[in-house]
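The values are calculated or read from the model by the stated rules, or taken from the named source; none is laboratory data. Predicted, not measured: the structure shown is a model, and the values here were computed from it. All Cβ positions, even for glycine, are placed from backbone atoms using ideal geometry, and neighbour counts span all protein chains on display. Note: areas computed on protein heavy atoms with side chains; ligands, DNA, RNA excluded. Shrake-Rupley method; radii C 1.70, N 1.55, O 1.52, S 1.80 Å.
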Amino acid sequence: MAENFDIVIIGSGPGGYVAAIRAAQLGKKTAIVERENLGGICLNWGCIPTKALLRSAEIYHNMKNAAAYGLSAEKISYDPSKVVERSRKVANQLSNGVKFLMKKHKITVFDGDAKLAGKGKVTVTKGGKPVADLASPAIILATGARARALPGLEPDGKLVWTYREAMVPPAMPKSLLVIGSGAIGIEFASFYRNFGVEVTVVEVMDRVLPVEDAEISAFAKKAFEKQGMKIMLSATVKAHKKGADNVTATIEAGGKSSDITVDRVILAVGIVGNVENLGLEGTQVKVEKTHVVTEEWGVTGEPGIYAIGDLTGPPWLAHKAMHEGVICVEKIAGLKGVHAMNKDNIPGCTYCLPQVASVGLTEAAAKAKGHEVKVGRFPFIGNGKAIALGEPEGLVKTVFDAKTGELLGAHMIGAEVTELIQGYAIARTLETTEAELIATVFPHPTLSEMMHESVLDAYGRALHI
């Protein structure tokens, strides 16, 4: 006989486990099904352990530049196995933290593969053997996504890596080809380059970090090239040949072809949704380009079935999945006053060196939507705290509607901008205009002062440049 729950969630990534916690807070009897590790890709193989790796790279970079701070550091070296070990310990700590939260909130966790088995029913199996039958009027799909493979250049785990292999290298390669310059590709490119690996990045679009504002992308490209990365834009990998311990790739750019031989290749060309083996075939759930189509609140075409996170549409970000999980559950529970998600207010962060962060519309997107814009800019070199930190390279850019003063977008590159961007995200959520931002007192000396100065610059009032 099936065990009854108010809500059943399939997948325990950021969207799934947060949805489960919120459901439990609302008094709902909740179950979550996870086939691998609690916390999903983000906590175990994505957001968190990659930041641990990047932190090691950042410290190593600072150690190599100790002389610039009046310090002396000799015979600087690193142990790749210990760098990876620290990253894995961080991941395990957080996965265990999710396990504790599930127990704290009395959420029932099933270890296995979940499959829809008729209206309001889910079967759980492990290794092909039955584990449990669940029944619930509300089932939330939060199965996430996985790395997309290029036809003919499928990852083999040895020479051609996905993010998983790239996070646990048995040894540092001497050379690396990164295919794709989105957040994942550039973060790995930055990590390996800071440890001295010769890195080439191939991007099919005409700029790196193509979702970012064009001005920020151009700034980033110069910074990466200054670090010694080779960036190839409007380029594609047409062929490759695997050797015993290397890969020779044929790259076409500008109508010309060239060959490059590297120790390893990282594929970072997007994601595909985990829609297989969920039992969607007998439902009205619609799938487009491997992702489940949803309406507001995570509603799918099948009554009682919801979907959140990377399984659904962009942006594919953990914090978007978390918020989707919360509002989906609150709507199922019948809470009043639940606000729908405005995806334009979701900040995006890339943890490369230098960091990149943004929220809202790019300057080009704002103009394309018909806005007359006022644009403000402020460079890190004009900020006392940035100079004191030894981080004078960067830019803060703000885009306003010239008629209403609405903050349309904010775009940043430089030290710690992934922490700063939330200020603009709050401003967007509160529908703040330039008047409130100009009237706000920013603390001195801080990097955040540049956010104020960028706003002032948009209105011809910048003080320190």
Note to self: Run the reach check for K158 against lysines, Cα to Cα strictly under 22 Å, same-chain hits fewer than 8 apart removed. What comes back?
What the structure shows: K82, K174, K238, K241, K242
Check: Amide H to amide H, which residues 5 or more places from R148 or on other chains are under 5 Å from it, using H placed in the peptide plane?
Finding: V269, G270, I271, V272
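Treating only the Cβ atoms of Lys and Arg (+1) and Asp and Glu (-1) as charged, compute the dipole magnitude of the chain about its Cα centre; round to the nearest 20 debye. Numbers along the way, then the final one.
Details: 52 positive and 50 negative charges, 208 e Å.
Once rounded to the nearest 20, the dipole reads 1000 debye.
Determine the gain in length on full extension of the stretch K129-K242; use 0.36 nm per residue of separation and subtract their C-alpha separation, reporting nm with one decimal.
Details: separation 113, 0.36 × 113 = 40.68 nm, distance 3.91 nm.
Length gained, K129 through K242: 36.8 nm.
If you place +1 on the Cβ of every Lys and Arg, -1 on the Cβ of every Asp and Glu, and leave all else neutral, what size is the dipole of segment 64-208 about its Cα centre, to the nearest 20 Debye? Could the numbers behind the result be given before it?
Working: 22 positive and 13 negative charges, 155 e Å.
Dipole size: approximately 740 debye.
Among 247-256, 406-415, 196-205, 116-125, how do they line up from the highest to the lowest mean number of other beta-carbon atoms within 10 Å? Don't jump to the answer; show the numbers that get you there.
Numbers: 247-256: 14.5, 406-415: 25.9, 196-205: 20.6, 116-125: 17.9.
Descending packing order for the listed peptides: 406-415, 196-205, 116-125, 247-256.
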Item checked: For I266, residues with placed amide H under 5 Å, excluding near neighbours -> W161, L177, V178, I179
Note to self: Taking θ = phi - 60°, what integer Hz values does the Karplus form 6.51 cos²θ - 1.76 cosθ + 1.60 yield along segment 423-434, in sequence order, with x for Gly and Pro?
What the structure shows: x, 6, 5, 5, 4, 5, 4, 7, 6, 6, 9, 4
Check: Under the Karplus relation 6.51 cos²θ - 1.76 cosθ + 1.60, θ = phi - 60°, what is the ordered set of whole-Hz ³J(HN,Hα) values for segment 13-21, x standing for Gly and Pro?
Finding: x, x, x, x, 6, 5, 4, 5, 4
Notebook entry, point to check: If packing is taken as the mean number of other Cβ atoms within 10 Å per residue, what is the order of 51-61, 94-104, highest first?
Noted result: 51-61, 94-104
Next item on the list: Based on alpha-carbon positions alone, could you give the equivalent ellipsoid semi-axes of segment 269-410 from the gyration tensor, as √(5λ), descending, whole Å?
Entry: 37, 19, 15
Next item on the list: Tell me which residues come under 5 Å, amide H to amide H, from K29 once H is placed; ignore anything under 5 positions away on its chain.
Entry: D6, I7
Item checked: Per-residue [θ]222 nm for the chain (sum of -39500 (n - 2.57) over DSSP H runs n ≥ 4, rounded to 500) -> -9500 deg cm²/dmol
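Report the FRET efficiency, 1/(1 + (r/R0)^6), for E296 and E436, where r is their Cβ-Cβ distance and R0 is 30 Å, rounded to 0.05.
Working: r = 29 Å, r/R0 = 0.95.
Efficiency at R0 = 30 Å is approximately 0.55.
Calculate, for N342 and Q93, the FRET efficiency according to 1/(1 + (r/R0)^6) with r their C-beta to C-beta distance and R0 41 Å; round to the nearest 0.05. Mind showing how you got there, number by number?
On the way: r = 33 Å, r/R0 = 0.81.
Step by step, r from the Cβ atoms, then E = 0.80.
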Next item on the list: Enumerate the calculated ³J(HN,Hα) couplings along segment 211-221 in order (Karplus 6.51 cos²θ - 1.76 cosθ + 1.60, θ = phi - 60°), each rounded to whole Hz, writing x wherever the residue is Gly or Pro.
Entry: 7, 7, 4, 4, 5, 5, 4, 5, 4, 4, 4
Note to self: In the chain, if the dipole is taken from +1 on Lys/Arg beta carbons and -1 on Asp/Glu beta carbons about the Cα centre, which of L437, A20, P170 is farthest to the positive end?
What the structure shows: P170
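How high is the relative contact order of segment 362-465, in percent, counting Cα pairs under 8 Å that sit 6 or more residues apart? Don't skip to the answer; put the middle values down first.
Values: 175 pairs, mean separation 32.3, N = 104.
Reported relative contact order: 31 percent.
So how strong a dipole does segment 334-465 carry about its Cα centre when Lys and Arg Cβ are +1 and Asp and Glu Cβ are -1, to the nearest 20 debye?
Details: 11 positive and 15 negative charges, 63 e Å.
That gives segment 334-465 a dipole magnitude of about 300 debye.
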Check: What's the carbon and sulfur percent of the chain's accessible surface, probe 1.4 angstrom, rounded to a whole number?
Finding: 54
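Taking only protein heavy atoms into account and a 1.4 Å probe, give the accessible area per residue of the chain in Å². Walk me through the numbers before you get to the answer.
Numbers: 21860 Å² over 465 residues.
Per-residue accessible area for the chain comes out at 47 Å².
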Margin query: So if I take the centroid of the Cα atoms in segment 293-344 and the same for segment 414-446, what is the distance between those two points in Å?
Written below: 27
Next item on the list: Could you pull out every Cys in the chain that lacks a partner Cys with its beta carbon under 4.7 Å away?
Entry: C328, C349, C352
Notebook entry, point to check: Of the peptides 208-216, 176-184, how do they stack up when ordered by the mean number of other Cβ atoms within 10 Å, highest first?
Noted result: 176-184, 208-216
Item checked: Extreme residue, positive dipole direction of segment 338-465, given options A366, L395, H411 (C-beta unit charges) -> A366
